[in-house]
Amino acid sequence: MRVLVVEDERKLAEVLFSALQAEHYDVIVAKTGEDGFYRANAELFDLVLLDLMLPGRSGLEILQTLRQRRVETPVLILTARDGIEDRVLGLDLGADDYVTKPYSPKELRARIRALLRRGPEESKSATNIRFGDCELDLIRGELRRAGRPVPTTPLEFKLLALFTRRAGHVLTRRILIDEVWGEDTAITERVVDNQIANLRRKIEPSPADPRYLKSIRGIGYRFDPEEVTES
């Protein structure tokens, strides 16, 4: 499980890092609002622990923008603000839970476990994803275009499933390698590019001028269809 901690107080960040590592989570710490937003938007995490008062970009601003961009990663707010207005605003903007400082480490761990068990509800329920004339059947492991099956390799299917789950978000080649091939797999980024090229030939109206699977120069790729529907 990957957990992003967005916290600018050094001592508190170190305590959270050590406590979460002791629970065997893979922990990343972002010390500014800008870094926290970039990582939460571009990388895949199972949970974000988000402070509200951050340099560069506030936690509420980060939360609001992530939800607008359809990032459904569970977010647990950690803050010294204990006013009811702040709680209501945070939850209304899309927070999954809210813990005020100082907090009980035992309670925090319990809340983290609960959120990680729950996960994003949408990703659990969706079994068919449609965009353009394509349909991705997650139960049968099948890609269909205009109602007809399109042969895909297991890697191509996993790539497309990942992109559709993170529609609108830039995914670096490193993220794609870690999530699709595995973190310990030794492959070059050129292999990723070749797989993307193969996938474009199967889903794009014009592979040379991709409508859905777009290159983001110097970073990676973004799946950006005009509309995605789930069922």
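A few remarks follow.
- Summed over the range 1-17, residues that are among the acidic types (Asp, Glu), under 18 Å from Leu52 (Cβ atoms) and without any contact (Cβ under 8 Å) to a residue 60 or more places away in the chain total 2.
- Condition check for Leu63: modelled with pLDDT of 90 or more, surrounded by 22 or more Cβ atoms within 10 Å (Cβ to Cβ), in the same structural domain as Leu115 (by TED's automatic domain parsing) and not in a helix (DSSP H, G or I): no
- The C-beta contact set for the range 197-222 (first residue more than 19 Å from His169 (Cα to Cα), second residue in a loop (DSSP other than H, G, I, E, B) and of a type in the set (Val, Ile, Thr), distance under 9 angstrom, 6+ apart or interchain) comprises Asn198/Thr152; Asn198/Thr153; Lys202/Thr152.
- Only one entry in Pro210, Pro205, Pro225 is in contact with a Phe, Trp or Tyr (Cβ under 7 Å, 6 or more places away or on another chain) and assigned to a loop (DSSP other than H, G, I, E, B), namely Pro225.
- Residue satisfying all of: in the range 1-24; more than 16 Å from the chain's Cα centre (by Cα) and in a loop (DSSP other than H, G, I, E, B); surrounded by the fewest Cβ atoms within 10 Å (Cβ to Cβ) among these: His24
- Consider the range 35-56 and keep the residues that are of a type in the set (D, E, K, R) and closer than 19 Å to Glu14 by Cα. The one that is surrounded by the fewest Cβ atoms within 10 Å (Cβ to Cβ) is Arg39.
- Identity of the residue in the range 186-227, farther than 15 Å from Cys134 by Cβ and of a type in the set (Asp, Glu), that ends up surrounded by the fewest Cβ atoms within 10 Å (Cβ to Cβ): Asp209
- Test: residue in the range 68-87 that is surrounded by fewer than 16 Cβ atoms within 10 Å (Cβ to Cβ), modelled with pLDDT of 85 or more, part of a helix (DSSP H, G or I) and in the same structural domain as Leu20 (by TED's automatic domain parsing): no
- Qualifying positions in the range 88-111 - modelled with pLDDT under 80, in contact with a Leu (Cβ under 9 Å, 6 or more places away or on another chain) and small (Gly, Ala, Ser): Gly90
- Candidates in the range 143-185 are the residues that are assigned to a loop (DSSP other than H, G, I, E, B) and among the small types (Gly, Ala, Ser); of these, the one that is surrounded by the most Cβ atoms within 10 Å (Cβ to Cβ) is Ala167.
The values are calculated or read from the model by the stated rules, or taken from the named source; none is laboratory data. Since this is a predicted model, take the numbers as computed values, not measurements. So basically every Cβ, Gly included, is an ideal-geometry build from the backbone, and we count neighbours across all protein chains shown.
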